[in-house]
1. Modelling each spin label as a point 7 Å along the Cα-to-Cβ direction, I'd like the Thr70/Thr98 distance in nm, to one decimal.
2. Could you calculate, for segment 21-108, the ratio of the Cα radius of gyration to the Kirkwood radius, expressed as Rg to Rh?
3. Report the extension gain between Glu37 and Ser50 in nm, rounded to one decimal, defined as 0.36 nm multiplied by the number of residues separating them, less their alpha carbon distance.
4. Compute the length gained on full extension between Asn24 and Val79: take 0.36 nm times their separation in residues and subtract their Cα-Cα distance, giving the result in nm to one decimal.
Amino acid sequence: MKNLILIFTLISLVSCTTTSVITNSKHAQVFVDGQYEGKGSVVEIPSWGSRATVEIKAKENGQSNVMRVTRKFTFSTLVVSLFTYGLGLLFYWQLPDTIVMPRPASINIDPWNPMSGTDPWLAQ
């Protein structure tokens, strides 16, 4: 019974950890693995999960920036796995505390002279 209470206590404490995704725009929409997570300069996402690469995308005005972040084995992973009979080794890998995602540079094109802009497709 004590082990069961300890396991539920650890899981409840561990499940509260989040990762901050910081963008340099308060209008950027943040998607994690294709799922909308929020809008703004700071978005909180759960930091723990199975050992996998997470794709984070910031979109604004039709432009997007994609970043792939891999969860890491941490000391918390080891501690949780000791009290959960090894399940922490499968399901408690963590993302970093903070992920900074710059938005892509906007392309400024003069409508009267499209060749004067910084669009890489039109540059010669």
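1. For Thr70 paired with Thr98, the spin-label model returns 2.4 nm.
2. Numbers: Rg = 15.2 Å, Rh = 14.0 Å.
Result for segment 21-108 is an Rg/Rh of 1.09.
3. Values: separation 13, 0.36 × 13 = 4.68 nm, distance 1.86 nm.
Going from the current span to full extension adds 2.8 nm.
4. 16.3 nm
Every number in this text was worked out from the coordinates using simple rules, so none of it is lab data. Source: prediction; values computed, not measured. With ideal geometry, Cβ positions are generated from the backbone for all residues, glycine too; neighbour counts draw on all protein chains shown.
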